[in-house]
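Below you'll find the structure, written out as structure tokens, and then a few comments.
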Amino acid sequence: MAIVGSDFENISAIRRALGGHFAAPHGLRLPRVAAVESNPALSLPALARVWRRCLLALLAWLLAVPAAARADTVDSALAERVAAMATEASRSAAPGLRVEVRVGRLDPRLKLAPCAQVQPYLPAGTRLWGAARIGLRCTEGATRWNVFLPVTVSVFGPGLVATSAVPAGTVLGPEHLAPGEVDLAARAGSVPTDRELVLGRTLARPLATGDALRSGDLRPRMWFAAGDTVRIVAGGSGWHIRGEGQALGPGVEGQVVRVRTESGRIISGMAVADRQVEVAL
């Protein structure tokens with residue numbers, strides 16, 4: 001059967017209307033089909049062979065560039081290798097604690113060349129704690145490349161969690177906190193484990209039910225006021241010196257305060273306890 005007259009005109013119109021929707025992707029060379037329009041007598045089997053060649057060329061292009069087309073994805077086998085590497089390294093740094101690793105995605109703007117072998121590695125100085133990254137380098141490919149894959153490392157250990165929503169400014173009581181397993185790497189700051197040591201402290205920020213308490217969530221304690229008489233402690237390995245003095249400013253936990261000694265000398269030290277200043281020598 002041949003394509004003649006109005007049949008050829010219909011096919012040409014359809015091809016022109018759909019041409020923009022089925023344009024060849026960048027880098028793909030489709031067989032030329034100009035002969036179809038220039039030869040109205042071309043048979044249907046010949047036309048079918050032309051389009052079959054087009055489809056095969058398109059399939060070959062799709063199979064040849066999976067990395068460039070989906071540069072932000074990581075195949076499951078590589079993701080498992082990355083997770084295993086991060087888990088092992090994290091457990092070595094935090095023995096006895098439960099570790100979970102979530103593998104992220106590459107930057108979708110990356111244009112990576114196809115690679116037969118991708119090697120994950122731990123960048124020098126990387127601490128696998130919270131948000132971190134694992135290096136990926138192409139070791140077998142026409143173009144060698146090196147990128148970094150984000151990972152999230154959760155390290156679970158003992159801590160204190162809020163039993164209900166607790167607003168900022170609350171003086172903590174036994175009803176506010178309970179022991180629980182918390183993600184130590186989720187936020188900065190140490191995690192208190194002894195409830196007795198935080199009871200009576202004031203919250204600096206609100207906690208939602210189940211939130212882990214961090215040292216940074218507590219307002220600094222006021223160990224003494226300006227003008228109070230304080231103990232001055234200085235020492236080293238196997239020796240200590242103690243004395244008394246007058247605080248020249250408020251003794252806020254973890255902050256430096258000036259103290260006038262009994263001899264009139266002014267020294268600086270850290271407010272560390274009730275009416276006590278520690279001086280480093």
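Every read-out reported here was derived from the displayed coordinates using simple, explicitly stated rules and does not represent laboratory data. As the structure is a prediction and not an experimental result, all values here were calculated from the model. Note that each Cβ is placed from the backbone with ideal geometry, even for glycine, and that neighbours are counted across all protein chains shown.
Here are some notes:
- Computed over the alpha-carbon pairs of the range 222-279, the distance histogram in 5 Å steps reads 5, 23, 36, 22, 10, 3, 0 percent, short to long.
- Theoretical FRET efficiency, 1/(1+(r/R0)^6), r = Cβ-Cβ of E244 and L78, R0 41 Å, to 0.05: 0.05
- FRET efficiency for the pair R98 and R49, taken as 1/(1 + (r/R0)^6) with r the Cβ-Cβ distance and R0 = 41 Å, rounds to 0.10.
- Potential lengthening between R275 and T163 on full extension [0.36 nm per residue; Cα-Cα distance subtracted]: 37.0 nm
- For the range 213-252, no residue has its backbone nitrogen under 15 Å from a point 7 Å from the Cα of D194, taken along Cα to Cβ.
- Placed amide H near R205: partners under 5 Å, 5+ positions off or other chain: G169
- Dmax and Rg, reported as Rg then Dmax, of the range 117-261 (C-alpha, Å): 23.2, 75
- Positive-pole candidate from V82, A124, S92, dipole of the range 73-154, charges at beta carbon: A124
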